Amino acid sequence: MEQFIRKGDRVLLKVNAAFASAPALVPPFIRSWSRRSFRLCVQAGAASVTVTDNPINDPPSCFRLTGIAEAVQKAGARLVLPQESFSSRRPFPGAR
């Protein structure tokens, strides 16, 4: 991890929270991945770790139902849900 993260870096982890599935349907490594990844980032010197994704289903439900939100909270990382204000539409003249 030290090859990618330097002391003071702000790290963004993009998880795969694609669908609002019950934790029983989500492999346990997905939830534990957040905690382990966070710990490795901090050990490498990260100043902060943020976790996000842009799920297909309702983002709050996806993170809550999969157990990823709880794992992120327990790890001490910050969870950022996608918001419309984070993006904007851009015209592409002539595009089809």
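The values are calculated or read from the model by the stated rules, or taken from the named source; none is laboratory data. Every value quoted in this text rests on a predicted model; they were computed, and no experiment measured them. Methodologically, a virtual Cβ is constructed for each residue, glycine included, from the backbone with ideal geometry; neighbour enumeration extends over all protein chains shown. The area values use the complete protein model at the heavy-atom level, side chains included, leaving out ligands, DNA and RNA. Shrake-Rupley method; radii C 1.70, N 1.55, O 1.52, S 1.80 Å.
Filtering V80, V72 for residues that are closer than 29 Å to G8 by Cα and open to solvent by less than 20 Å² (accessible area, probe 1.4 Å) leaves a single hit, V72.
Here's the yes/no breakdown for (1) open to solvent by 50 Å² or more (accessible area, probe 1.4 Å); (2) hydrophobic (A, V, I, L, M, F, W, C); (3) modelled with pLDDT under 85; (4) under 17 Å from A75 (Cα atoms):
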position	(1), (2), (3), (4)
F4	yes, yes, no, no
L12	yes, yes, no, yes
A24	yes, yes, yes, no
R39	yes, no, no, yes
V42	yes, yes, no, yes
V51	no, yes, no, yes
P55	no, no, no, no
R64	yes, no, no, yes
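If you go through segment 37-96 and pick out every residue that is of a type in the set (S, T, N, Q), outside any helix (DSSP H, G or I) and touching a residue at least 24 places away in the same chain (Cβ under 8 Å), you end up with 5.
Just one of the listed residues (P82, P55, P59) is touching a Cys at 6+ places or on another chain (Cβ under 8 Å) and either closer than 21 Å to A18 by Cα or polar (S, T, N, Q) (or both), namely P55.
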